[in-house]
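The values are calculated or read from the model by the stated rules, or taken from the named source; none is laboratory data. Owing to the predicted nature of the structure, the values given are computational and were not obtained by experimental measurement. Please note: Cβ atoms are built from the backbone with ideal geometry, for glycine as well, and neighbour counts cover all protein chains shown.
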Amino acid sequence: MTEPARILVVGGGYVGMYTALRLQRQLRAELGAGAVEIVVVTPEPYMTYQPFLPEAAAGSISPRHVVVPLRRVLDRCRIVIGEVRSVDHTKRIATLATLATAEEGVGAVALPYDELVLAPGSVSRTLPVPGLRDHGIGFRTVEEAIGLRNHVIEQMDIASSTRDPAVREAALTFVVVGGGYAGVEALAELEDMARYTARYYHNVKPGDLRWILVEAADRILPEVGEEMGRYAVRELRGRNIDVRLETRLESCEDRVAVLSDGTRLPTRTVVWTAGVRPAPVLAATGLPLDARGRVRCTARLAVEGVDHAWAAGDAAAVPDVTAGEPGAACAPNAQHAVRQAKVLAGNITASLRGQPLKEYAHAYAGSVASLGLHKGVAHIYGRKFKGYPAWFMHRAYHLSRVPTFNRKARVLAEWTLSGLFKREIVSLGSLEHPRAEFELAAAPPPDHDDERSS
């Protein structure tokens, strides 16, 4: 009996999920269920729709509706929860670390494959800033979004109950580093939420909250163009948000954010959104990488100079054939990732059939960004929008792009309900330490005899 061809998909994000989804429809429908096996290796059993993370942090969308369960969507694929540690493509073997290997104490297992799809995405790009590892908060996962929401409300609780002016000032000072999509949208949504929440505190006013956006470049939101970027700065400053351009975070040790302009900000909140870098696993594949650590690919999404290996998304340097400039590469964003997945799945199918491959070509359509409730900026097909129209376009675009009808319906329902009812201002901090109360209850009682004898 002939063994089925195994396609190994590394990563369950945009590219990984959409590629596997199309492959299970195309290959298994045409070749039969036993002719091909699609294995998806991912650290989490869901795909996170990251453009909705700011709204999840602000409470406009339930965190459950920001993620798509892979086992439901990829019902004809084999889902392995774990990480690929290394790849030996000459032997076509990947080394995996899974939940089972951790429990069994075996370290890792080898998984042979016939076709390799690299789509591990990216991770936060950090810099050697003193104190960042101890005090910084990321914003790339739904867990971080929930944690940040809980943290902001917790700081308002601290400020409301303390009698120490220094503690109060630090608790109500929030520093966000990075002026891209993630930083600006997270800051705008959280500032909206915190300002609304302040009405429920007798001694915390919206004016007591201090929000600082730190950006090393001379503008924010470069994706929407210079004019819309300037408008976004004016909009944020009009809400008393301190936007510091051409400024870097030098240190955040001892809960003091030190900026390159000499400013010292006592703060208990430093949110780091200053860029991303390709997933570290790429360095352990032996495949050709560019100067930024991404896999070098052809316009057909095949790894350059290597057979039976493919890549797309944030981890791939894909030539932009529509740019008209030699050496131009596609931007690492969701707009390209979703479209690349479609071409990638088609090319893998064509390769297995011995048919010609297609080049990926998609002209950049533009960008949209939210600046909080009913506020936004957009630059689409050369036209510029701001305010409510841009905010509406932002929501409409991302609603059309979030995977599955189930998620679209749930998100739309939540938006409708949030327009009819008041915001939720509950902090569920215990989610981060769910066993803390039980551990305290289960701890042995103190020995009072020892206390008296001492």
On the basis of being at positive phi, of a type outside the set (Ser, Thr, Tyr), touching a strand residue (DSSP E or B) at 6+ places or on another chain (Cβ under 9 Å) and at pLDDT below 90, does Gly387 make the cut?
no
So, Arg168, is that one basic (Lys, Arg), at pLDDT 95 or above and either under 30 Å from Gln340 (Cβ atoms) or in contact with a Ser or Thr (Cβ under 8 Å, 6 or more places away or on another chain) (or both) or not?
yes
Pull out all pairs, ordered by first then second residue, where Cβ-Cβ is under 7 Å, the residues are six or more apart or on different chains, the first lies in region 71-85 and is surrounded by fewer than 18 Cβ atoms within 10 Å (Cβ to Cβ), and the second is of a type in the set (Gly, Ala, Ser).
Arg85/Ala97; Arg85/Ala108; Arg85/Ala284
State all residues of region 344-400 that are of a type outside the set (A, V, I, L, M), out of contact with any His (no Cβ under 7 Å at 6 or more places or on another chain) and assigned to a helix (DSSP H, G or I); if no residue qualifies, say none.
Gly346, Asn347, Thr349, Ser351, Arg353, Pro389, Phe392, His394, Arg395, Tyr397, His398, Ser400
Filtering region 175-199 down to residues that are over 10 Å from Ser370 (Cα atoms), crowded, with 24+ Cβ neighbours inside 10 Å and not aliphatic (A, V, I, L, M) yields Gly178, Gly179, Gly183, Glu191
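Residues checked against (1) over 30 Å from Gln26 (Cα atoms); (2) outside the structural domain of Leu70 (by TED's automatic domain parsing):
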site	(1), (2)
Ala311	no, no
Asp320	no, no
Gly324	yes, no
Leu344	no, no
Ile348	no, no
Lys358	no, yes
Lys408	no, yes
Tell me which residues, restricted to region 293-332, are surrounded by fewer than 17 Cβ atoms within 10 Å (Cβ to Cβ) and at pLDDT below 90.
Val321, Thr322, Ala323, Gly324, Glu325, Pro326, Gly327, Ala328, Ala331
Screening Ala186, Ala110 for residues that are assigned to a strand (DSSP E or B), closer than 30 Å to Thr19 by Cα, touching a Ser or Thr at 6+ places or on another chain (Cβ under 8 Å) and at pLDDT 90 or above leaves only Ala110
When restricted to Ala97, Ala57, the only residue surrounded by 15 or more Cβ atoms within 10 Å (Cβ to Cβ) and in a helix (DSSP H, G or I) is Ala57
Residue that is nearest to Ala311 (Cα to Cα), among those in region 266-280 that are of a type in the set (A, V, I, L, M) and crowded, with 22+ Cβ neighbours inside 10 Å:
Ala279
Any residue that is closer than 16 Å to Arg268 by Cβ and surrounded by fewer than 20 Cβ atoms within 10 Å (Cβ to Cβ) - is there at least one of those in region 202-214?
yes
Please count how many residues of region 215-246 are small (Gly, Ala, Ser), surrounded by fewer than 17 Cβ atoms within 10 Å (Cβ to Cβ) and within 13 Å of Gly183 (Cβ to Cβ).
1
If you check every pair at least six apart or on different chains, which have Cβ atoms under 6 Å apart with a residue in region 162-173 that is under 14 Å from Arg210 (Cβ atoms) first and a residue that is of a type in the set (S, T, N, Q) and surrounded by 21 or more Cβ atoms within 10 Å (Cβ to Cβ) second?
Ala170/Thr267; Ala171/Gln155; Thr173/Thr267
Answer from Arg149, Arg133 - the residue that is without any contact (Cβ under 8 Å) to a residue 40 or more places away in the chain, assigned to a helix (DSSP H, G or I) and basic (Lys, Arg)
Arg133
